[in-house]
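Data first, discussion second: the structure below is written as structure tokens.
The values are calculated or read from the model by the stated rules, or taken from the named source; none is laboratory data. Since the model is a prediction, treat every value here as computed from it, not as a measurement. All Cβ positions, glycine included, derive from the backbone under ideal geometry; neighbour counts span all protein chains shown. We work out accessible area using only protein heavy atoms, side chains counted, and drop any ligands, DNA or RNA first. Shrake-Rupley method; radii C 1.70, N 1.55, O 1.52, S 1.80 Å.
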Amino acid sequence: MAVLPELQWRLKVSKNPLASSPSHHHPQTKPSLWSSGILRSASPFYQPIRCAVRFRPCIDIHKGKVKQIVGSTLQDLASSASSALVTNFESDKSSAEFANLYKRDGLTGGHVIMLGTDVASQSAAIEALHAFPGSMQVGGGINADNCISYLDEGASHVIVTSYVFNNGQVDLERLEKLVHNVGKHRLVLDLSCRKKNGRYAIVTDRWQKFSDVFVDEQTLGELAGYADEFLVHGVDVEGKRLGIDEELVELLGLYSPIPVTYAGGVTTMADLERIKAAGSGRVDVTVGSALDIFGGNLAYTDVVAWHKMQVMAVK
């Protein structure tokens, strides 16, 4: 098992920093500390062209039900602290009904997240993927053995966090295996993080464990060579409707070389504009507990209208 100690790398500048195929290594890019031929270098001078800031919808599934949970209160199934789980909302609608809503409104690139690996949650996730095939990403318990099955069920991408970390470090062997199995163009890395000593540390295992890897320019630049997108929850504010983590959004807007979606703390329409400004128009946004379809006060129809306005503004 190859574990990358503390991500001590240096960026390599390539004329083609986003080459996506594992079999097409750019001849001018040296593999450096990376052992395989997969291109991982992302130029620090690269600024991707984005069409518009987009609203990315979500379907969070817990024990087969669509719920909104304060993610930082999730525990392992064997934990005796299950009573600490904070549930903001539980829907009587199926996951497929939400997927059909997003399909009606043309909202692609949303996230279906399984908050547990039980059979009921897996079945509900697959129902959502079937309802809106090729248009939603899926995450939660994804690994190199099951990733292809979710793509076969209709996921556009698989979202992975904990599987690619081991003992607080990036597990290079697992990450390369994922890229080999699904391709860079169908992999989303979830870099959800919490503040630790003034820096954003990536958290794993239901956001309970701090890794030794931090969300910063260097990490984003290197991991961009493996993934099509990043998904980043601001765990300190996620699910609490306390406002966004503007510092984190700004960091993502400055340094992510690939599309990135921020989630956490959105409460009002003004928060959407704050994300647009802080992220320099380069950070997409997910809204969960605040939406009225999830028991909140923010009208889903208003957010969809805002999303369509962003798209129209660049046409």
**Message:** Using all alpha carbons of region 108-200, what is the percent of pairwise distances in each 5 Å bin, ordered from the shortest bin to the longest?
**Reply:** 3, 14, 25, 23, 18, 11, 5, 2, 0
**Asked** In debye to the nearest 20, how big a dipole does region 200-315 give about its Cα centre with +1 on each Lys and Arg Cβ and -1 on each Asp and Glu Cβ?
**Response** 420 debye
**Complete:** The local net charge around residue 165, scoring Lys/Arg +1 and Asp/Glu -1 for residues other than residue 165 whose Cβ lies under 11 Å from its Cβ, equals -2
**Prompt:** To the nearest Å, what is the center-to-center distance of region 174-214 and region 248-315, using C-alpha atoms only?
**Reply:** 21 Å
**Sum of side-chain charges, residue 139 neighbourhood, beta-carbon under 13 Å (Lys, Arg +1; Asp, Glu -1)** = 0
**Prompt:** Per residue, how many Å² of accessible area does region 145-253 show with a 1.4 Å probe?
**Reply:** 36 Å²
**Request:** Estimate the FRET efficiency between residue 254 and residue 197 by the formula 1/(1 + (r/R0)^6), using the beta-carbon distance for r and 25 Å for R0, to the nearest 0.05.
**Result:** 0.75
**Message:** Only four residue types carry charge here, +1 at the Cβ of Lys and Arg and -1 at the Cβ of Asp and Glu. Report the dipole size of region 150-245 about the Cα centre in Debye, rounded to the nearest 20.
**Reply:** 380 debye
**Request:** Determine the share of region 182-304's accessible area contributed by carbon and sulfur atoms, expressed in whole percent, with a 1.4 angstrom probe.
**Result:** 46 percent
**Prompt:** Which FRET efficiency value, to the nearest 0.05, is calculated for residue 268 and residue 148 with the Förster distance at 41 angstrom and r the Cβ-Cβ distance?
**Reply:** 0.55
**Fill in**
At q = 0.16, 0.24, 0.25 1/Å the base-10 log of I(q)/I(0) from the Debye formula over the alpha-carbon atoms of region 198-276 is -0.60, -1.25, -1.31
**Message:** Here is the link list: 67/184; 276/308; 63/195; 67/209. Which ones come out longer than 19 Å on Cα distance?
**Reply:** 67/184; 63/195; 67/209
**Item:** Candidate aspartates and glutamates for bridging to residue 93, where Cα separation is under 13 Å - those fewer than 8 sequence places away on the same chain excluded
**Value:** 60, 127
**Prompt:** How long is the gain from residue 242 to residue 216 if the chain were fully straight, where each residue apart is worth 0.36 nm and the alpha carbon distance is subtracted?
**Reply:** 7.0 nm
**Prompt:** Looking at 288, 189, 220, which one has the Cα that reaches farthest to the positive end of the dipole of region 173-315 (charges on Cβ: Lys, Arg +1; Asp, Glu -1)?
**Reply:** 288
